[in-house]
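Since the structure comes first, as structure tokens, the remarks are kept for the end.
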Amino acid sequence: MICDNFDDIYEIVSQARKYTKDGKVADYIPALGEADPNNLAVAMFDGNGTCLSAGNVEETFTLQSVSKVLSLALALLDNGAEKVFTRVGMEPTGDPFNSIAKLESLKPSKPLNPMINAGALAVTNMIAGAGTEDKLGRLLEFIHDLTGNTSITYNEKVATSEFETADLNRALCYFMRQHGGIDGGVEELMDLYTKQCAIEMDCEDLSKIGYVLANEGVDPVSQREIIPLHIARIVKTFMVTCGMYNASGEFAIRVGIPAKSGVSGGILGAVPHKLGIGIYGPALDEKGNSIAGMKLLETLSSRFDLSMF
Ligand code: DON
């Protein structure tokens with residue numbers, strides 16, 4: 001058992017923490033700039049309990065792009081795959097997460113995948129509900145089911161900070177609306193999207209979400225299917241091909257775990273049939289991934305033989 005052997009985890013975290021000094025906290029969303037760049041935490045969940053946790057595990061953080069995995073699962077539940085993939089593609093981009101370039105160059109104009117901002121905005125636009133509050137409430141309920149933690153909500157300060165500064169995402173929305181890729185008001189969508197990105201938890205909660213995905217959508221305690229198998233598979237496949245943005249190829253080789261990062265420094269990992277992993281380390285590399293978190297995952301993968309390949 002992986003978790004019977006974690007005596008050296010504190011050493012692994014302290015070695016990985018050294019890399020935080022080579023990274024930088026995201027500050028294009030001003031409230032994220034307040035994070036302590038030295039923080040690093042990991043939790044691993046094996047279905048029976050948190051079998052391993054180390055570092056600044058008490059820290060909470062907002063999901064940012066990690067939420068794209070959850071909004072995709074919910075939109076697939078609400079609409080079915082056929083409809084969702086009329087509005088968003090299935091291919092990696094090789095571009096930065098907020099790039100607009102391919103929306104213009106590809107005909108017909110459609111975001112290449114749901115893990116880049118354009119694709120995630122199109123997906124969030126498909127979440128069912130009467131209005132922003134209802135849609136966000138449904139997403140939060142879904143997250144409560146996945147984590148078993150009903151106190152999870154969004155961080156208002158971070159949501160407002162992004163809402164007030166998200167001109168690039170607004171530009172993506174206006175472009176897509178002109179081409180029929182999103183419906184309704186751009187401000188309403190930005191309101192929902194920024195609140196979705198500001199959903200806040202700790203790395204233990206995140207590891208539980210990873211475990212349900214790893215366990216083919218089934219809750220380990222109740223044995224209830226929270227995510228149908230075919231949706232869990234779609235989501236994990238996107239995590240492999242696009243989850244770490246334009247670093248996904250190298251990550252698959254070095255780590256080999258379906259994973260999704262966010263600019264707050266969170267990384268969600270799902271080791272099929274084995275483990276959920278939650279990481280937090282807000283110092284980022286130039287592609288927007290947690291610099292020490294990536295290093296930590298690389299070490300954990302080789303130490304515990306976690307690569308799926
Ligand atoms: O839309 C944005 O720019 C942020 N709310 C999320 C971006 C993000 O996390 C990309 N991650 N690497």
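Of all the listed residues (Asp27, Asp36), the sole one being more than 20 Å from Ala259 (Cα to Cα), in a loop (DSSP other than H, G, I, E, B), within 14 Å of the ligand (Cβ to nearest atom) and at pLDDT 95 or above is Asp27. Does Thr160 count as open to solvent by 50 Å² or more (accessible area, probe 1.4 Å), under 21 Å from Glu59 (Cα atoms), in a helix (DSSP H, G or I) and among the β-branched types (Val, Ile, Thr)? Answer is yes for this residue.
Cβ separations smaller than 7 Å between residues 6+ apart or across chains give the following pairs from region 138-153 residues that are closer than 15 Å to Leu192 by Cα to residues that are in a helix (DSSP H, G or I) and at pLDDT 95 or above: Arg138/Leu74; Leu139/Leu70; Leu139/Ser71; Leu139/Leu74; Leu139/Gln196; Thr153/Leu140.
Might you check whether a residue that is under 30 Å from Ile182 (Cβ atoms) and in contact with a Ser or Thr (Cβ under 7 Å, 6 or more places away or on another chain) occurs anywhere in region 7-20? Checked region 7-20: no residue is under 30 Å from Ile182 (Cβ atoms) and in contact with a Ser or Thr (Cβ under 7 Å, 6 or more places away or on another chain). Among the residues examined, Asp134 qualifies as without any contact (Cβ under 8 Å) to a residue 24 or more places away in the chain, part of a helix (DSSP H, G or I), away from the ligand (no atom under 13 Å from the Cβ) and surrounded by fewer than 17 Cβ atoms within 10 Å (Cβ to Cβ). A Cβ distance below 8 Å, combined with a sequence gap of six or more or placement on separate chains, defines the contacts here; from region 180-205, residues that are within 12 Å of the ligand (Cβ to nearest atom) reach residues that are acidic (Asp, Glu) in the pairs Thr194/Glu162; Cys197/Glu162; Ala198/Glu156; Ala198/Glu162.
Within region 192-233, can you find the residues that are open to solvent by 50 Å² or more (accessible area, probe 1.4 Å) and in a loop (DSSP other than H, G, I, E, B)?
Within region 192-233, Glu216, Val221, Ser222, Gln223, Arg224 qualify.
For Asn98, are the conditions met, namely being part of a loop (DSSP other than H, G, I, E, B) and either under 17 Å from the mean Cα position of the chain (by Cα) or within 26 Å of Thr237 (Cα to Cα) (or both)? The answer is yes for Asn98.
Does region 169-191 contain at least one residue that is closer than 16 Å to Thr62 by Cβ, touching a Lys or Arg at 6+ places or on another chain (Cβ under 9 Å) and open to solvent by 10 Å² or more (accessible area, probe 1.4 Å)? Checked region 169-191: no residue is closer than 16 Å to Thr62 by Cβ, touching a Lys or Arg at 6+ places or on another chain (Cβ under 9 Å) and open to solvent by 10 Å² or more (accessible area, probe 1.4 Å). Only residues that are farther than 23 Å from Pro220 by Cα and either in contact with a helix residue (DSSP H, G or I) (Cβ under 6 Å, 6 or more places away or on another chain) or modelled with pLDDT under 95 (or both) were counted in region 267-283, giving 3.
Phe251 meets the stated requirement of being at pLDDT 95 or above, surrounded by 21 or more Cβ atoms within 10 Å (Cβ to Cβ) and over 12 Å from the mean Cα position of the chain (by Cα). The residues on offer are Ala120, Ala128, and the sole one that is among the hydrophobic types (A, V, I, L, M, F, W, C), at pLDDT 95 or above, under 22 Å from Leu213 (Cα atoms) and within 11 Å of the ligand (Cβ to nearest atom) is Ala120.
Select from region 89-102 the residues that are away from the ligand (no atom under 15 Å from the Cβ) and among the aliphatic types (A, V, I, L, M) and list them in ascending order. Write out each step before concluding.
Let us first name the residues in region 89-102 that are away from the ligand (no atom under 15 Å from the Cβ), namely 89-91, 101-102.
Scanning region 89-102 gives Met90, Ala101.
Results for (1) exposed (fewer than 15 other Cβ atoms within 10 Å of the Cβ); (2) not in a loop (DSSP other than H, G, I, E, B), shown as yes or no for each residue.
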{"residue": "Val84", "(1), (2)": "no, yes"}
{"residue": "Gly89", "(1), (2)": "no, no"}
{"residue": "Pro92", "(1), (2)": "no, no"}
{"residue": "Pro108", "(1), (2)": "yes, no"}
{"residue": "Leu112", "(1), (2)": "no, no"}
{"residue": "Ala118", "(1), (2)": "no, yes"}
{"residue": "Ala122", "(1), (2)": "no, yes"}
{"residue": "Ala128", "(1), (2)": "yes, no"}
{"residue": "Leu139", "(1), (2)": "no, yes"}
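The values are calculated or read from the model by the stated rules, or taken from the named source; none is laboratory data. Please read these numbers as outputs of a predicted model, since none were measured by experiment. Quick reminder, even Gly has a Cβ in these numbers, built from the backbone with ideal geometry, and neighbours come from all protein chains shown. These area figures cover heavy atoms from the full protein model, side chains too; ligands, DNA and RNA do not enter into them. Shrake-Rupley method; radii C 1.70, N 1.55, O 1.52, S 1.80 Å.
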